[in-house]
Amino acid sequence: MAPPQKVAVLTRDLNLNADQQKQLDEAIHDAQVKFKAIHEASQPQIDATRAQARKSPRFSKRPDQRPKYEHIY
């Protein structure tokens, strides 16, 4: 479910009743589920782009820098 602090702040600031709190909690939870699905679906593209950037020939490294670079990234 939604983080309790979000619901608590909105409950306090908007003076929500119990039904509204439940609806808000469900709406936040639904959005979080969708965000997670989007993130998981796009993760392979993110990983591939990150890998390409790490191997980019546009960033030249001296031979003595390569091992450290590879270790860090």
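The values are calculated or read from the model by the stated rules, or taken from the named source; none is laboratory data. Everything quoted here is computed from the prediction, not taken from an experiment. Cβ coordinates were reconstructed from backbone atoms using ideal geometry, including for glycine residues, and neighbour counts include every protein chain displayed. Surface areas here come from the heavy atoms of the whole protein model, side chains and all, with no ligands, DNA or RNA. Shrake-Rupley method; radii C 1.70, N 1.55, O 1.52, S 1.80 Å.
Pull up region 47-62, narrow it to residues that are part of a helix (DSSP H, G or I) and open to solvent by 80 Å² or more (accessible area, probe 1.4 Å), then point me to the one that is modelled with the lowest pLDDT. Spell out how you get there, then give the answer.
Of all residues in region 47-62, those part of a helix (DSSP H, G or I) come to 47-54.
Checking which are open to solvent by 80 Å² or more (accessible area, probe 1.4 Å) leaves us with 49-50, 52, 54.
Working: Thr49: 92, Arg50: 88, Gln52: 86, Arg54: 79.
Restricting to residues being part of a helix (DSSP H, G or I) and open to solvent by 80 Å² or more (accessible area, probe 1.4 Å), the top hit is Arg54.
Mind listing whichever residues of region 2-46 are within 27 Å of Ile72 (Cα to Cα) and open to solvent by less than 70 Å² (accessible area, probe 1.4 Å)? Can you show your working first?
Taking region 2-46 first, the residues within 27 Å of Ile72 (Cα to Cα) are 39-46.
Scanning region 2-46 gives Ser42, Gln43, Ile46.
Enumerate the pairs (first residue in region 25-36 and closer than 22 Å to Arg12 by Cα; second residue anywhere and surrounded by 13 or more Cβ atoms within 10 Å (Cβ to Cβ)) with beta-carbon separation below 6 Å, excluding pairs fewer than 6 apart on the same chain, so at least 6 apart or on different chains.
Asp25/Ala2; Asp25/Val7; Ile28/Ala2; His29/Ala2
State which residue pairs qualify: first residue without any contact (Cβ under 8 Å) to a residue 12 or more places away in the chain and inside region 38-64, second residue open to solvent by 90 Å² or more (accessible area, probe 1.4 Å) in any location, beta carbons under 9 Å apart, and separation of 6 or more residues or different chains.
As it stands, the answer is Ile46/His39; Arg50/Tyr73; Ala53/Phe59; Ala53/Tyr73; Lys61/Lys68, since those pairs meet every condition given.
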